[in-house]
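The values are calculated or read from the model by the stated rules, or taken from the named source; none is laboratory data. Since the structure is predicted, the reported quantities are computational estimates derived from the model, not experimental observations. In this analysis, Cβ positions are derived from the backbone assuming ideal geometry, glycine residues included, and neighbour counts consider all displayed protein chains.
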Amino acid sequence: MEFRSLLFEASEGVATLTVNRPKALNALNEATLKELQCCFAGIQDNQEIKVVILTGAGEKAFVAGADIAAMQAFDALAAREFARLGHAVFNLIENLPQPVIAAVNGFALGGGCELAMACDIRLAGENARFGQPEVNLGVIPGFGGTLRLARLVGKGRAKELILTGEMIDAREAHRIGLVNQVLPPGELLESAVKMAKKIASKGQVAVRLGKEAIDNGLEMDQDRAARYEAELFGLCFASADQKEGMAAFLEKRAAHFRGR
Ligand code: CO8
């Protein structure tokens, strides 16, 4: 796949996608969002790709937000359309069958923080900075920040970040549950690849159903979520991976999963 502002590479079941506009700190304009959409749409149908890593080019930023220069002259209609495009892309990422790991290598602000939150797991370099600074520009988050941040860190903390527009460092982001792990910058990508390969080595039926159960179950009340989990648990037993996984355990050998 060839893109102008994205780098794509895949090896051993792990695809790495890099937002590549370092001069604008990888800010998201319409073209970049459409490239992300096209790339993730391709990935979702590609059985060879088991896990995706999303990161930013350069040492300074993951993604410093939606492109402010591109948004400046928007009227209300254009702004709403841009927000809808962002939602379509970020929902695609969140609902991707494969897990997506964000390797946050610097500023993750505004649309960048929202992009990281659409991923399943967030690993941050010690130099990473998170925030929803839209209020400083006279706007609110428009790519899912008000919903995903509140769900991830709770209503009070989400309001503090969104209403003050203040940035937090990686340690604080870890403390409040916004990121899973904080790593030395030099080890960030390597750790993301290691985690991705570990997930890729598991039975992919279980990996995909596990992601689905958590995401959909969180939107349900507890009784429905339990029934839903039981359905998906039952589905696992229609897979060759379940037969192989349990046989391998009982035969005291490593499992060879085939993803079906
Ligand atoms: N958009 C466009 N360009 C950007 C952005 C951005 N979000 N962030 C940085 N840049 C550009 C700068 O303009 C600068 O360009 P140039 O070299 O041509 O002047 C270059 O990147 C380097 O940036 P700085 O010189 O500012 O670098 P500093 O190290 O001094 O500062 C910061 C780094 C703190 C990250 C600073 O650049 C900054 O505050 N950036 C803006 C962060 C921000 O406000 N992000 C939120 C944007 S709004 C948003 O994301 C809304 C999402 C929902 C949209 C809904 C649609 C309607």
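Of all the helices (runs of 4 or more DSSP H) wholly in region 38-130, which have at least 1 residues that are within 10 Å of the ligand (Cβ to nearest atom) and among the charged types (D, E, K, R)?
76-94, 111-118
Here's the yes/no breakdown for (1) part of a helix (DSSP H, G or I); (2) under 30 Å from Ala73 (Cβ atoms); (3) in contact with a helix residue (DSSP H, G or I) (Cβ under 9 Å, 6 or more places away or on another chain):
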{"site": "Ile140", "(1), (2), (3)": "no, yes, yes"}
{"site": "Phe143", "(1), (2), (3)": "no, yes, yes"}
{"site": "Leu163", "(1), (2), (3)": "yes, yes, yes"}
{"site": "Glu166", "(1), (2), (3)": "no, yes, yes"}
{"site": "Leu178", "(1), (2), (3)": "no, no, yes"}
{"site": "Leu209", "(1), (2), (3)": "yes, no, yes"}
{"site": "Glu212", "(1), (2), (3)": "yes, no, yes"}
{"site": "Glu229", "(1), (2), (3)": "yes, no, yes"}
{"site": "Lys243", "(1), (2), (3)": "yes, no, no"}
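Tell me, which residue of region 141-167 that is over 19 Å from the mean Cα position of the chain (by Cα) and within 14 Å of Met117 (Cβ to Cβ) is surrounded by the fewest Cβ atoms within 10 Å (Cβ to Cβ)? Don't jump to the end; show me each part of the working.
Within region 141-167, the first condition is being over 19 Å from the mean Cα position of the chain (by Cα), and the residues that meet it are 155-157, 159-167.
Imposing the further condition that a residue be within 14 Å of Met117 (Cβ to Cβ) reduces the set to 157, 161-162.
Values: Arg157: 16, Leu161: 26, Ile162: 20.
The extreme case among them is Arg157.
Hey, could you check region 174-211 for residues that are touching a residue at least 24 places away in the same chain (Cβ under 8 Å) and among the charged types (D, E, K, R) and say which is surrounded by the fewest Cβ atoms within 10 Å (Cβ to Cβ)?
Lys197
Among the residues in region 131-149, are any closer than 27 Å to Ala206 by Cβ and either polar (S, T, N, Q) or assigned by TED's automatic domain parsing to the domain that holds Met195 (or both)? Quick ask: steps written out before the conclusion?
So the first thing to find is which residues in region 131-149 are closer than 27 Å to Ala206 by Cβ, and the list is 148.
Imposing the further condition that a residue be either polar (S, T, N, Q) or assigned by TED's automatic domain parsing to the domain that holds Met195 (or both) reduces the set to 148.
Yes, region 131-149 contains at least one residue that is closer than 27 Å to Ala206 by Cβ and either polar (S, T, N, Q) or assigned by TED's automatic domain parsing to the domain that holds Met195 (or both).
Just to be sure before I move on: is Ala173 within 16 Å of the ligand (Cβ to nearest atom) and either within 16 Å of Val51 (Cα to Cα) or not charged (D, E, K, R) (or both) in the structure I sent?
In short, yes.
Is there a residue in region 28-37 that is away from the ligand (no atom under 16 Å from the Cβ) and surrounded by 14 or more Cβ atoms within 10 Å (Cβ to Cβ)?
Yes - at least one qualifying residue is present in region 28-37.
For region 139-183, which positions are touching a strand residue (DSSP E or B) at 6+ places or on another chain (Cβ under 7 Å) and polar (S, T, N, Q)?
Passing the criteria: Asn180, Gln181.
Ile68: among the hydrophobic types (A, V, I, L, M, F, W, C) and within 16 Å of Leu109 (Cα to Cα), yes or no?
Yes.
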